[in-house]
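Asker: Mind having a look at this structure? Questions to follow.
The values are calculated or read from the model by the stated rules, or taken from the named source; none is laboratory data. Everything numeric here is computed off the predicted structure, so don't read it as measured data. All Cβ positions, even for glycine, are placed from backbone atoms using ideal geometry, and neighbour counts span all protein chains on display.
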Amino acid sequence: MIPVPAGLDGLFPPAAPVLFVHAHPDDETLSTGALIAALTASGRPCFVLTATRGERGEVRAGVPADDLAALREDEWRRACAALGVAGHAFLGTPPARSAAPQRRYHDSGMVWLDAAETLAGPAPDAPGDALTSADPAEVTADVAAYARAVGARVLVTYDAAGGYGHPDHVFLHAPTRAAASGLGVGFVAVVSQPRTAGEPVAAPAAGARWFDLAAHREAVVRALAAYASQLRVDGADVVHVGGQREPIQLRIGVAAAR
Ligand SMILES: [Zn+2]
């Protein structure tokens, strides 16, 4: 076992299961891969709950995209395995479902709001079953169902700014926070990161603390390799299909909230 850096112990009790709530396959790795690897290595079982299958994401030229959801699911399973997660589920599918019948929440899509492609906003043609069109109370209940099933003691998701602003990320903050509050467990927000080098897209959350988790780079790079249809690693950077670059996130900011 590898202890976590001092300070993380206060947010994540020793040996306590942790549930990461994410919007799309790849988010667990891109924004929290190093944190999942660090917590897992320290003996805290980590679970990943992903809301959509990233049906509206881009793929590299030449990748058959006729069943993008199936491709994403496969990549996500392999990435979770590389990070050492103890279990994973899609929101709306039992045990991450509070009522029958089960359902799928769909990727809402996004458009870039700025020329530098650092800040995202809602797609004008989001489908009717998009995550962002869902009843937040239904999402809260489904998150809570999975958290209960895995015995999570801490829930982790994006801060209120939703990372780089993808509407699905923004949307998940409140229901996840409400689920944690309803269950009486901890809630930790991952602080927004700049999409590219430069200024963060949002003011840092109050009380944010930053942790250097570079010791877990190897696990993160292995998980990133699972997403070969949509990104590649180039030195210290992740390069997305659209050419956008971002540093591999090994320094992670978190803020606890009640
Ligand atoms: Zn995402």
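Asker: Could you tell me whether any residue of region 153-171 is under 12 Å from the mean Cα position of the chain (by Cα), surrounded by 23 or more Cβ atoms within 10 Å (Cβ to Cβ), over 30 Å from residue 116 (Cβ atoms) and not basic (Lys, Arg)?
Answerer: Yes, region 153-171 contains a residue that is under 12 Å from the mean Cα position of the chain (by Cα), surrounded by 23 or more Cβ atoms within 10 Å (Cβ to Cβ), over 30 Å from residue 116 (Cβ atoms) and not basic (Lys, Arg).
Asker: While we're on this one: Give me the pairs, please: first residue somewhere in region 12-40 and under 21 Å from residue 177 (Cα atoms), second residue anywhere and outside any loop (DSSP other than H, G, I, E, B) and of a type in the set (Phe, Trp, Tyr), beta-carbon distance under 6 Å, and either six or more positions apart or on two chains.
Answerer: Once the first residue is under 21 Å from residue 177 (Cα atoms) and sits in region 12-40, its partners that are outside any loop (DSSP other than H, G, I, E, B) and of a type in the set (Phe, Trp, Tyr) give 19/47; 25/76; 28/20; 32/20.
Asker: Do we find that residue 217 is crowded, with 20+ Cβ neighbours inside 10 Å, modelled with pLDDT of 95 or more and among the basic types (Lys, Arg) in this structure?
Answerer: No: the conditions fail for residue 217.
Asker: If you scan region 82-135, which residues turn out to be part of a helix (DSSP H, G or I) and either acidic (Asp, Glu) or in contact with a Lys or Arg (Cβ under 9 Å, 6 or more places away or on another chain) (or both)? Break it down into steps so the answer makes sense when it comes.
Answerer: First, pick out the residues of region 82-135 that are part of a helix (DSSP H, G or I): 82-83, 131-133.
Hits for region 82-135 are 82, 83.
Asker: For region 44-69, give me the residue count where each residue is modelled with pLDDT of 95 or more, more than 14 Å from the ligand (Cβ to nearest atom) and out of contact with any Pro (no Cβ under 9 Å at 6 or more places or on another chain).
Answerer: Residues flagged as modelled with pLDDT of 95 or more, more than 14 Å from the ligand (Cβ to nearest atom) and out of contact with any Pro (no Cβ under 9 Å at 6 or more places or on another chain) within region 44-69 amount to 0.
Asker: Would you check which residues across region 142-151 are of a type in the set (A, V, I, L, M, F, W, C) and either out of contact with any helix residue (DSSP H, G or I) (no Cβ under 8 Å at 6 or more places or on another chain) or surrounded by fewer than 17 Cβ atoms within 10 Å (Cβ to Cβ) (or both) and list them?
Answerer: Within region 142-151, 145, 149, 150 meet the criteria.
Asker: Quick one: would you say residue 132 is free of Cβ contacts under 8 Å to residues at least 24 places away in the same chain, out of contact with any Gly (no Cβ under 6 Å at 6 or more places or on another chain) and among the polar types (S, T, N, Q)? Break it down into steps so the answer makes sense when it comes.
Answerer: Details: free of Cβ contacts under 8 Å to residues at least 24 places away in the same chain: no; out of contact with any Gly (no Cβ under 6 Å at 6 or more places or on another chain): yes; among the polar types (S, T, N, Q): yes.
So residue 132 does not fit the description; no.
Asker: Could I ask something else about it? Can you find, within region 19-43, the residue that is nearest to the ligand (Cβ to nearest atom) among those that are farther than 24 Å from residue 139 by Cβ and in a loop (DSSP other than H, G, I, E, B)?
Answerer: 42
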